[in-house]
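Only one structure is covered here, and it is reproduced in the block below.
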Amino acid sequence: MYDIAIIGLGPAGATLARLLDKKYNVIAIDRKNSKFNKCCGGLLSPDAQKILAQFDICLPKDVLVNPQIFSVKTIDFDNNIVKYYQRFYMNMNRKKFDNFLISLISNNIEICSNSICEEIEKENDIYCFTIKTNGIKRKERAKIIIGADGANSIVRNTFYKKNKINRYVSIQEWYKDDINSPFYSCIFDKEITDSYCWTISKDNCFIIGGAFPMKNSSKKFEKLKEKIKNTGINFEKLIKREGCLVNLNKGLMSTCTGKNGAYLTGEAAGMISPSSLEGISYSMESAKILAEIINESLTNIGQKYFLRTLGIRMKLILKIFKMPFMYNRYLRKIVMISGIKTIKRPFV
């Protein structure tokens, strides 16, 4: 019998496991292995940097990648406008970042790597779950179960199906970049997606990706590539293709923190920016709050967690208000033509 079971060891799960009091008997189940890669642009936002600073965590240099880019080229295909904006993201290797956070977890936490939580059932006040590792299944029990397993959270899918959330498919491909020219762009095109797409340079590679509605997502991605080809980008040396589900929070009803011993944190809770799809900062912040509450006591966790994450939900509200200025082609045109916060196009 475990006190707490954590499903997922991304930024949310790893932060939670690291901060939980050693008095608890904790198991953490993580699907990652040596071959697993999160479909992620790998840019660390200022908010995420701030959370790391609050934790007094410094990143080792091998987590960061070349180049470090200080501007984003915003391409608006709907209005045929291109503008440059200053940004303060850190370019990193997402896999190494996740592994670094896991390395900070205390040895008292039992970590099941390369494992999948296949099924969860509640029997009285105890959660029974099945773990599959290298084809071998085992059943365990815990008083509390926490979903830190992203958009396709088994905890959310099992206990909180009524809390609907918009799900998109994130697809990206990596190509060899022989020219090695620094490049980071944000792409808007209503024909392709009502979210956005991106291109990023990373360690002699060129990444192109986007978040697409579930229907015809692969066709939409290919259409994106065709449009980008017209700008002179070469798609000859494919390295790999990645994909995953991503939650797109378009309203406060999409946020669910959980109750009665089954809780959600990070993207599983719907805590992800609806405008930029940035989720690392929300993952670490929500995990910190949940750990503090659990360390205080195991009573009224759900109510306390809901109330103390009010600040996160307020941030999400502000992001929702920002969305029309990004995704409505007419409002976006006004903003981009106005030149607000733009920087001059660099000399070629």
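The values are calculated or read from the model by the stated rules, or taken from the named source; none is laboratory data. What you see is a predicted model; the values in this text were computed from it and never measured. Heads up, the Cβs are rebuilt from the backbone with ideal geometry, glycines too, and the neighbour counts pull from every protein chain shown.
Conditions (1) crowded, with 17+ Cβ neighbours inside 10 Å; (2) among the hydroxyl-bearing types (S, T, Y); (3) closer than 21 Å to I280 by Cα, marked per residue:
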residue: R87; (1), (2), (3): no, no, yes
residue: L104; (1), (2), (3): no, no, yes
residue: I136; (1), (2), (3): no, no, no
residue: K143; (1), (2), (3): no, no, no
residue: K161; (1), (2), (3): no, no, no
residue: I165; (1), (2), (3): yes, no, yes
residue: S170; (1), (2), (3): yes, yes, yes
residue: K190; (1), (2), (3): no, no, no
residue: C197; (1), (2), (3): yes, no, yes
- request: State the number of residues belonging to region 24-72 that are aromatic (F, W, Y) and buried (at least 16 other Cβ atoms within 10 Å of the Cβ).
  value: 1
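Report yes if K288 is basic (K, R) and within 22 Å of Q54 (Cα to Cα), otherwise no. Don't jump to the end; show me each part of the working.
Working: basic (K, R): yes; within 22 Å of Q54 (Cα to Cα): yes.
Judged against the criteria, K288 is a match.
When residues of region 116-162 are filtered for being assigned to a strand (DSSP E or B) and of a type outside the set (V, I, T), how many remain? Quick ask: steps written out before the conclusion?
Step one: filter region 116-162 for residues assigned to a strand (DSSP E or B), giving 116-123, 126-133, 136-147.
If we keep only those that are of a type outside the set (V, I, T) too, we end up with 117-119, 121-123, 127-129, 132, 137-143, 147.
Final tally of qualifying residues: 18.
Checking the structure you have, find out if any residue of region 203-211 is out of contact with any Cys (no Cβ under 7 Å at 6 or more places or on another chain) and within 16 Å of L248 (Cβ to Cβ).
Within region 203-211, the first condition is being out of contact with any Cys (no Cβ under 7 Å at 6 or more places or on another chain), and the residues that meet it are 203-208, 211.
The next check asks that each one be within 16 Å of L248 (Cβ to Cβ); those that pass are 211.
The answer is yes, given that some residue of region 203-211 is out of contact with any Cys (no Cβ under 7 Å at 6 or more places or on another chain) and within 16 Å of L248 (Cβ to Cβ).
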message: Of all residues being touching a Pro at 6+ places or on another chain (Cβ under 7 Å) and either among the hydroxyl-bearing types (S, T, Y) or in a helix (DSSP H, G or I) (or both) in region 176-203, which is farthest from R332 (Cα to Cα)? Just the residue, please.
response: S201
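Residue by residue through region 1-37, note down the ones that are among the aliphatic types (A, V, I, L, M) and modelled with pLDDT under 95. Break it down into steps so the answer makes sense when it comes.
As a first pass, look at region 1-37 and keep what is among the aliphatic types (A, V, I, L, M): 1, 4-7, 9, 12, 14, 16-17, 19-20, 26-29.
Residue satisfying the conditions is M1 alone.
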message: Which pairs turn up if I take residues in region 298-321 that are farther than 26 Å from K143 by Cβ and look for partners that are charged (D, E, K, R) and not in a helix (DSSP H, G or I) with beta carbon separation below 8 Å, at least 6 apart in sequence or on another chain?
response: I320/K250
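Do we have any residue at all in region 1-18 that's crowded, with 16+ Cβ neighbours inside 10 Å and of a type in the set (S, T, N, Q)?
Within region 1-18, the first condition is being crowded, with 16+ Cβ neighbours inside 10 Å, and the residues that meet it are 2-18.
Remaining after also requiring of a type in the set (S, T, N, Q): 15.
The answer is yes, given that some residue of region 1-18 is crowded, with 16+ Cβ neighbours inside 10 Å and of a type in the set (S, T, N, Q).
Would you confirm whether any residue within region 200-215 is of a type in the set (S, T, N, Q), crowded, with 18+ Cβ neighbours inside 10 Å and modelled with pLDDT of 95 or more? Break it down stepwise before answering.
First pass over region 200-215, keeping only residues of a type in the set (S, T, N, Q): 201, 204.
Checking the rest, the ones that are also crowded, with 18+ Cβ neighbours inside 10 Å come to 201.
Keeping just the survivors that are modelled with pLDDT of 95 or more gives none.
No, the conditions are met nowhere in region 200-215.
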- line: Among G311, G302, G261, G243, the single one that is in contact with a strand residue (DSSP E or B) (Cβ under 7 Å, 6 or more places away or on another chain), surrounded by fewer than 20 Cβ atoms within 10 Å (Cβ to Cβ) and over 30 Å from N25 (Cβ atoms) is G243
message: So, in region 324-333, exactly how many residues are of a type in the set (A, V, I, L, M) and either closer than 28 Å to A262 by Cα or surrounded by 15 or more Cβ atoms within 10 Å (Cβ to Cβ) (or both)?
response: 1
message: Quick check on this structure: which one of F206, F235 is in a loop (DSSP other than H, G, I, E, B) and over 18 Å from the mean Cα position of the chain (by Cα)?
response: F235
- request: Have a look at I120, I29, I126 and point out the one that is of a type outside the set (F, W, Y), farther than 22 Å from K240 by Cβ and touching a Leu at 6+ places or on another chain (Cβ under 9 Å).
  value: I29
- prompt: How many of the residues making up region 48-74 are of a type in the set (A, V, I, L, M) and either at pLDDT below 95 or in contact with a Lys or Arg (Cβ under 7 Å, 6 or more places away or on another chain) (or both)?
  reply: 4
